[in-house]
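One structure is given here, and the rest of the page talks about it.
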Ligand SMILES: N[C@@H](CCC(=O)N[C@@H](CS)C(=O)NCC(=O)O)C(=O)O
C-alpha cells in the first residue's frame, strides 16, 4: 500500500490500549506517522501537557489539528483519510458501528482490575477478590458482544471498520491474560478474523507489561 507524506504524530507509549487503537488504525489506512513515547514510565513533559492537559495518552498532531480522546481520533482519521469505506455516509450504518466504540469504555472499566492485577502487579500483591469481580464483569459484557457477533462478522457490519478497533484492542488483552475463561465462541471467531489485520500483530499483540 502506498504511504502518504508523514504529517501524523502520535504521542503515547505503545503498551497503552488507547494508543494501540490509533497506531493500528494508522497502519490499516497505510498512513505514515511517527510515534513519540509519553506517559507511564516516560512521564509527561510540559510540551506534551500543553497539547493535552488531561495527563493522558494518546494525543495526535496532524497539520492544523491537535486532538486527544482515542475514539475521537479514530473518527477524525477515518473521515480525513478513509472516506466512506471507513466512515460510512449512511447515518444508520455509521451509528451502528459507532456504538461499539463507546461501549468499549464500559468494557475497559470492567477489565481494568484484571488487567492491572495480572499485567502490572507483582503476584504477591495481587488482590484476588478484585480480579475475580473484574473477570465476572468482563464476562457479562462479553456475553452481550458474543450474542451480537452471532449475527454479523464484524462490529462495523459485513466488513471490518472503525467500530471493530476499540474492542479489537481490548479483546487481545482479555485473550492474553492468564486465567481460565468462559467460552465466547463468536467473540473468539471474530478475534481470529482480526488477528491477521495490518498492524495488529506488531502493535496490538505486544507484551502486556
Ligand atoms: N478516554 C481516553 C482515556 C485515555 C487514557 O486513559 N489513557 C491512559 C493509557 S491507556 C493514560 O494516559 N494513562 C496514564 C499514563 O499512561 O501515564 C482516551 O480514550 O483517549
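Conditions (1) closer than 18 Å to residue 107 by Cβ; (2) touching a strand residue (DSSP E or B) at 6+ places or on another chain (Cβ under 7 Å); (3) at pLDDT 95 or above; (4) outside the structural domain of residue 114 (by TED's automatic domain parsing), marked per residue:
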residue	(1), (2), (3), (4)
171	yes, no, yes, no
176	yes, no, yes, no
179	yes, no, no, no
186	yes, no, yes, no
192	no, no, yes, no
206	no, no, yes, yes
209	no, no, no, yes
Would you pick out the residues in the range 147-180 that are assigned to a helix (DSSP H, G or I) and farther than 16 Å from residue 99 by Cβ?
169, 171, 172, 173, 174, 175, 176
Check the range 21-33 and report whether any residue there is closer than 22 Å to residue 78 by Cα and within 11 Å of the ligand (Cβ to nearest atom).
yes
Given the conditions (1) in contact with a helix residue (DSSP H, G or I) (Cβ under 6 Å, 6 or more places away or on another chain); (2) under 23 Å from residue 142 (Cα atoms); (3) buried (at least 18 other Cβ atoms within 10 Å of the Cβ), every one holds for residue 130 apart from (3)
If residue 69 satisfies every condition in (1) more than 8 Å from the ligand (Cβ to nearest atom); (2) surrounded by fewer than 19 Cβ atoms within 10 Å (Cβ to Cβ) but one, which is the exception?
(1)
Residue 121: in contact with a helix residue (DSSP H, G or I) (Cβ under 8 Å, 6 or more places away or on another chain) and either free of Cβ contacts under 8 Å to residues at least 60 places away in the same chain or surrounded by fewer than 16 Cβ atoms within 10 Å (Cβ to Cβ) (or both), yes or no?
no
Condition (residue is out of contact with any helix residue (DSSP H, G or I) (no Cβ under 8 Å at 6 or more places or on another chain), surrounded by fewer than 12 Cβ atoms within 10 Å (Cβ to Cβ) and under 25 Å from residue 13 (Cα atoms)) applied to the range 52-60: is it met by at least one residue?
yes
Over the range 78-108, the set of residues in contact with a strand residue (DSSP E or B) (Cβ under 8 Å, 6 or more places away or on another chain) and within 21 Å of residue 17 (Cβ to Cβ) is 97
Determine whether the range 31-47 contains at least one residue that is closer than 17 Å to residue 104 by Cα and free of Cβ contacts under 8 Å to residues at least 60 places away in the same chain.
no
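The values are calculated or read from the model by the stated rules, or taken from the named source; none is laboratory data. Bear in mind that the values here come from a model prediction, so they are computed numbers and not experimental data. Quick reminder, even Gly has a Cβ in these numbers, built from the backbone with ideal geometry, and neighbours come from all protein chains shown.
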